[in-house]
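Notes to accompany the following structure.
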Amino acid sequence: MSPSPKSLFILTKIENIVNTIFEVILLRRAKKKSTGKKIIITTIILLIIWLLGFYIYVTYNNIEIYDANYTAEKTQSTIEEQTVEKVEEESKNVSDVIEETVESVVGISKLKNAGDSIFSSSTESQLGLGTGVIVTENGYILSNEHVTGSKYSKCYVTLENGNNYSGTVVWSDSNIDLSIVKIEANNLKYVTFADSDNIKIGETVYAIGNPIGFEFRRTVTSGIISAKNRTIKIEEEENVSYMTDLIQTDATINPGNSGGPLIYPNGQIIGINTVKISSAEGIGFAIPINIVKPIIESYQNTGDFQEAKIGVYAYDTEVIPYLETGISTSFQEGIYVTEVTKNGPSDAAGIKEGDIITQIDEVELETMNDLREYIYTKKPNDEVTLKISRGKIKREIVVKIGK
């Protein structure tokens with residue numbers, strides 16, 4: 001075994017000291033004639049010093065090698081133990097979090113006595129079998145509009161403990177397929193929200209819902225965020241619509257999962273599961289939660305929500321290729337206005353079809369959902385400033401928000 005650099009350094013120092021002493025003795029010998037006895041004594045002293053130095057070198061070097069081996073071996077064992085413990089702890093924590101989150105997931109049906117068998121002849125769309133998630137302790141539940149029905153509709157809600165309630169849809173939006181149901185209950189366990197604007201592709205997510213029927217209620221599936229800002233075309237009964245800014249996931253989503261939460265491992269909700277492409281496996285979508293946060297907060301704080309409108313419908317660059325209108329996709333920012341409500345707030349302010357809205361009150365717009373999310377924070381009669389591009393002309397237009 002080769003000596004360590006530290007040991008070689010010590011040995012070199014000892015040799016230098018011995019040489020220095022020897023040179024001093026020789027110098028004195030040149031000046032004085034020494035007797036043979038002095039030479040013998042000096043030689044013996046030098047030999048003793050050299051032997052003492054060699055002993056120190058060997059002893060120090062052995063101790064250092066033994067200590068280094070011991071320390072490295074101990075550290076490696078500790079790291080392995082900590083890694084195993086950490087993985088087990090994280091796995092346990094995720095399981096506990098999901099079990100707690102499941103308590104906030106509910107079953108929803110449009111019919112009171114729809115039955116609970118997966119072999120029922122009634123279809124999911126006829127029964128409105130689906131999922132919802134409790135978002136406040138006093139009984140507000142978030143789901144899909146196609147599950148609960150539109151505003152003022154009645155539906156029936158089953159909690160995790162088996163209790164049944166009649167619910168009323170207090171808010172809904174068919175364009176984003178979201179709705180909020182109110183049941184008369186308190187002290188309910190509810191979910192917390194993540195920031196869906198900060199999601200990243202590849203992050204682990206879990207979908208919770210009631211696939212097929214209530215016999216498989218609160219099924220949990222796992223996957224990742226496969227993509228974000230997705231746009232899909234939906235064709236139903238000769239009607240064509242587009243859903244934008246969706247979260248794509250490979251977590252298994254079946255029809256009854258509609259309205260259920262898509263969550264992070266920490267239990268925070270990032271989206272509401274809404275549709276599944278039947279022609280492909282492992283492709284499901286969820287609506288980002290940020291868009292509906294202002295509405296939920298309003299109901300939670302005041303028990304009401306005054307929905308504001310500016311009277312426009314617009315598409316982003318992701319949707320334009322689907323439309324057979326010859327619309328140019330040369331614009332790199334903003335949303336393209338395809339419809340202005342006649343006599344509505346934007347119409348009165350001078351917004352026209354074909355305008356590109358780039359900002360609202362200095363907030364950059366990339367999708368129609370960005371515009372919705374901002375408008376949901378406002379109230380009727382508030383004013384907002386829109387920055388628009390109309391060909392080569394750029395303008396700022398003030399719009400007074402209506403109901």
Averaged per residue, the 1.4 Å probe accessible area of region 282-403, protein heavy atoms only, in Å², is roughly 51 Å²
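Heavy atoms only, probe 1.4 angstrom, no DNA, RNA or ligands counted: give me 275, 398 ranked by accessible area, highest first. Let's see the in-between values first.
On the way: 275 35, 398 80 Å².
Accessible-area ranking of 275, 398, largest first: 398, 275.
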Rounded to whole Hz, the Karplus (6.51, -1.76, 1.60) HN-Hα couplings of region 389-403, x for glycine and proline: 10, 10, x, 8, 8, 10, 9, 10, 10, 8, 10, 8, 5, x, 8
Long-range amide H partners of residue 271, meaning residues 5 or more apart or on another chain whose placed amide H is closer than 5 Å, are 262, 289
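Region 129-211: which trypsin sites (Lys or Arg not before Pro) are DSSP loop and have at most 16 other beta-carbon atoms within 10 angstrom?
151, 189, 200
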Quick check: pseudo-label points 7 Å beyond the Cα along Cα→Cβ at residue 300 and residue 320, how many nm apart are they? 3.8 nm
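May I ask which of 110/400; 154/378; 200/392; 200/342; 189/379; 110/342 have a Cα-Cα span longer than 32 Å here? Kindly include the intermediate steps, with their values, before the conclusion.
On the way: 110/400 38 Å; 154/378 28 Å; 200/392 36 Å; 200/342 40 Å; 189/379 29 Å; 110/342 34 Å.
Over 32 Å Cα-Cα: 110/400; 200/392; 200/342; 110/342.
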If contacts are Cα pairs under 8 angstrom and at least 6 residues apart, what is the relative contact order of region 239-321 in percent? 26 percent
Check: C-alpha center region 352-403 vs C-alpha center region 141-171, spacing in Å is 33 Å
Determine ³J(HN,Hα), in whole Hz, for all residues of region 149-165 in sequence, where each value follows from phi through the Karplus function 6.51 cos²θ - 1.76 cosθ + 1.60 and θ = phi - 60°; x replaces Gly and Pro. x, 7, 4, 6, 5, 9, 8, 10, 10, 10, 7, 4, 7, x, 5, 10, 9
List the residues, sorted by chain then number, that are 5 or more residues from residue 316 or on another chain and whose placed amide H is less than 5 Å from its amide H. 336, 368
So what are the ³J(HN,Hα) numbers for region 356-370, from phi and the Karplus equation (6.51, -1.76, 1.60; θ = phi - 60°), rounded to whole Hz, Gly and Pro as x? 10, 8, 9, 8, 10, 6, 6, 8, 5, 10, 10, 9, 4, 5, 4
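Tell me whether region 344-403 comes out rounded, prolate or oblate; compute the Cα gyration tensor, take square roots of the eigenvalues as a ≥ b ≥ c, and use a/c under 1.5 as the rounded threshold. Can you show the working numbers first?
Numbers: a/c = 1.87, a/b = 1.29, b/c = 1.45.
The shape class here is oblate.
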Specify whether the C-alpha gyration tensor of region 146-273 places it in the rounded, prolate or oblate class, a ≥ b ≥ c being the square roots of the eigenvalues: rounded for a/c under 1.5, otherwise prolate if a/b is larger than b/c and oblate if not. oblate
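The values are calculated or read from the model by the stated rules, or taken from the named source; none is laboratory data. Nothing here was measured: the structure is a model prediction, and the numbers come from that model. Virtual Cβ from ideal backbone geometry, glycine too; neighbours counted across all protein chains shown. Each accessible area value is taken on the protein alone, full model and side chains, heavy atoms only, with ligands, DNA and RNA left out. Shrake-Rupley method; radii C 1.70, N 1.55, O 1.52, S 1.80 Å.
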